[in-house]
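The values are calculated or read from the model by the stated rules, or taken from the named source; none is laboratory data. Every value quoted in this text rests on a predicted model; they were computed, and no experiment measured them. Cβ: placed from backbone, ideal geometry, glycine included. Neighbour counts: every protein chain shown.
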Amino acid sequence: MPELPEVETVIRGLTPALKGEEIANVQLRRKSLRIPFPPNLKQNLEGQKILHLTRRAKYILIHLMDGNILVIHLGMSGRMTVISAGENYTLQKHDHFIMSMKNGTRVIYNDPRRFGMIFLVSQDNLQSHKVFHHLGPEPLGNEFSALVLAARLRNKKVSIKQALLDQRVVVGVGNIYASEALYLAGINPTKRAELIKGERCERLVKSIRDVLNRAIKAGGSTLKDYRHADGELGYFQHSFTVYDKEGETCSKCRKAGSAARPCIRKIVQSGRSTYYCAKTQK
DNA sequence: CTCCTGTCCTGCCGGC
DNA sequence: TGCCGGCAGGACAGGA
């Protein structure tokens, strides 16, 4: 499920609950998610103090006092829930990982499809770790620019939509925001990636940033403290402009008064749905 | 190198 | 109503 904005919203929700707190107990309710839990995960976490939380790509990084980082990826269906001290909570199906803090706060990781990952890596080995070493630039960071994107798209024969999903090109963009960003930039998703340069590339960079920033903002403003009444973090009502809107008329076409002709189409690219406006995306 | 396919897993929805 | 196929917001390995 979650792409960069959702992960970011989860982190903002977890931070006040976890920052500075000590982990008292860890419960693993199965042996593995997508990959096995590391053998000593429980022992390594219990007694540790949490310094702070950050994000890299779609990974949640929980920095611990001993120099290790607890890495959590939500996969397609992972969710985090915060339960305050003294609050009642009955464990649900697919609650796989539970971390209880010394002050009584609990954090629950639930993931029906189990495509998520939880593991530990030392601060020093983070960059070189298998899942991190190949990652491209953060789209909201200073290192991301039209020149950088163009360089990474060079010689890429795949479609620009597929390229945006490639975490070596840019991180954090998933299937929804790829469609959304291309719509905003007015770029046809089937276009060969290597053809996107110059002014179009500028527009794409700006669109990716816009779409992600707006989604993060929506996450913050529609949730009180990034948290539902039931403690669940990071999932918010957010209306997309083209995603899942096949057969509807996009806002640009509506504004242009094109007699409300349906312009949004759905296609499948390397097995994944793409939505776009057949009229405005060239 | 790049590209493409298959795979992991459960839940849900639409069609019959 | 029940069953079944297809699809779902991610990312990896392996082979061409």
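When you look at A:V169, is it in a helix (DSSP H, G or I) and within 14 Å of DNA strand C (Cβ to nearest atom), yes or no? So that I can check it myself, show each step before the final result.
Details: in a helix (DSSP H, G or I): no; within 14 Å of DNA strand C (Cβ to nearest atom): yes.
Criteria not met by A:V169.
Exactly one of these conditions fails for A:I83: (1) within 15 Å of DNA strand C (Cβ to nearest atom); (2) surrounded by fewer than 21 Cβ atoms within 10 Å (Cβ to Cβ); (3) not assigned by TED's automatic domain parsing to the domain that holds A:R209. Give me its number.
Only one criterion is unmet by A:I83, namely (1).
Here's the yes/no breakdown for (1) within 16 Å of DNA strand C (Cβ to nearest atom); (2) farther than 19 Å from A:G271 by Cα; (3) surrounded by 17 or more Cβ atoms within 10 Å (Cβ to Cβ):
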| residue | (1), (2), (3) |
| --- | --- |
| A:L147 | no, yes, no |
| A:R192 | no, no, no |
| A:G198 | no, yes, no |
| A:V205 | no, yes, yes |
| A:R214 | yes, yes, no |
| A:K217 | yes, yes, no |
| A:S239 | yes, yes, no |
| A:V242 | yes, no, yes |
| A:C250 | no, yes, yes |
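Considering only residues that are more than 16 Å from DNA strand C (Cβ to nearest atom) and crowded, with 20+ Cβ neighbours inside 10 Å, look in segment A:88-100 and name the one that is farthest from the chain's Cα centre (by Cα).
A:M99
Are there any pairs, at least 6 apart or on different chains, whose C-beta atoms fall under 6 Å, with the first in segment A:112-126 and within 11 Å of DNA strand B (Cβ to nearest atom) and the second small (G, A, S), and if so, which?
Sorted first by the residue in segment A:112-126, then by its partner, the pairs are A:P112/A:S77; A:R113/A:S77; A:F115/A:G75; A:G116/A:G75; A:G116/A:G78.
If a residue must be more than 9 Å from DNA strand C (Cβ to nearest atom), surrounded by fewer than 16 Cβ atoms within 10 Å (Cβ to Cβ) and either over 15 Å from A:R55 (Cα atoms) or at pLDDT 95 or above (or both), how many such residues does segment A:115-128 contain? Break it down stepwise before answering.
Taking segment A:115-128 and keeping what is more than 9 Å from DNA strand C (Cβ to nearest atom), we get A:118-128.
With the extra rule that they be surrounded by fewer than 16 Cβ atoms within 10 Å (Cβ to Cβ), the set shrinks to A:122-125, A:127-128.
So of that shortlist, the ones also either over 15 Å from A:R55 (Cα atoms) or at pLDDT 95 or above (or both) come out as A:122-125, A:128.
Of the residues in segment A:115-128, 5 are more than 9 Å from DNA strand C (Cβ to nearest atom), surrounded by fewer than 16 Cβ atoms within 10 Å (Cβ to Cβ) and either over 15 Å from A:R55 (Cα atoms) or at pLDDT 95 or above (or both).
Are there any strands (runs of 3 or more DSSP E) wholly within segment A:44-115 with 3 or more residues that are of a type outside the set (A, V, I, L, M, F, W, C), and if so which?
Qualifying strands (runs of 3 or more DSSP E): A:50-56, A:95-101, A:106-110.
In the set A:E138, A:E180, A:E143, which member is free of Cβ contacts under 8 Å to residues at least 12 places away in the same chain, more than 16 Å from DNA strand B (Cβ to nearest atom) and within 19 Å of the chain's Cα centre (by Cα)?
Answer to the selection: A:E143.
What residue, of A:D230, A:D210, is loosely packed, with under 15 Cβ neighbours inside 10 Å and either among the aliphatic types (A, V, I, L, M) or part of a helix (DSSP H, G or I) (or both)?
Values: A:D230 fails: either among the aliphatic types (A, V, I, L, M) or part of a helix (DSSP H, G or I) (or both).
Only one candidate qualifies: A:D210.
Give me a count of the residues in segment A:128-166 that are under 17 Å from A:R209 (Cβ atoms) and in a loop (DSSP other than H, G, I, E, B).
10
Looking at A:R154 and the list (1) farther than 30 Å from A:L51 by Cβ; (2) away from DNA strand C (no atom under 14 Å from the Cβ); (3) in contact (Cβ under 8 Å) with a residue 60 or more places away in the chain; (4) in contact with an Asp or Glu (Cβ under 8 Å, 6 or more places away or on another chain), which single condition is not satisfied?
For A:R154, the exception is condition (3).
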